[in-house]
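A.B. asks: Pasting a structure below so you can have a look.
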Amino acid sequence: MVYCGAERDHKINREVVMARKVREEEFCATTSVPKAGKRFFDLSPNGSYAAARRGEIITVQVGRLLRVPVRAMERKLGISDT
């Protein structure tokens with residue numbers, strides 16, 4: 001199981017941490033609004049939240065947490081593998 005955003009062991013060197021982080025982000029079902037805005041539209045964090053309010057970025061609210069389903073955004077933009 002991949003734990004997105006899990007804390008890293010401080011003994012692992014920076015290159016290994018960065019490589020692992022990239023791999024984990026590829027498998028995460030959701031991402032944060034600022035990360036999605038940056039990834040899909042090259043937006044700032046404030047611009048990302050504004051786009052989410054307008055419905056341009058698909059969001060799912062879990063309690064107080066606002067997340068972006070990655071596969072749904074990829075399908076919306078026509079960049080999905082499936």
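Where a number appears in this text, it was derived from the coordinates with a stated rule and is not lab data. Here the structure is a predicted model, which is why all the values come from computation and not from measurement. Please note: Cβ atoms are built from the backbone with ideal geometry, for glycine as well, and neighbour counts cover all protein chains shown.
A.B. asks: If amide H atoms are built 1.01 Å from N in the plane of the peptide, which residues on other chains or at least 5 residues away come under 5 Å of the amide H of T30?
C.D. replies: Residues meeting the criterion, in which the H sits 1.01 Å from N, are V70.
A.B. asks: Using modelled amide H (1.01 Å from N, peptide plane; none on Pro or chain starts), what sits under 5 Å from the amide H of L66, excluding residues fewer than 5 places away?
C.D. replies: Distant-sequence amide H within range of L66: zero hits.
A.B. asks: Got a sec? How would R64, R39 order by Cβ neighbour count within 10 Å, fewest to most?
C.D. replies: Least to most surrounded, the residues fall as R64, R39.
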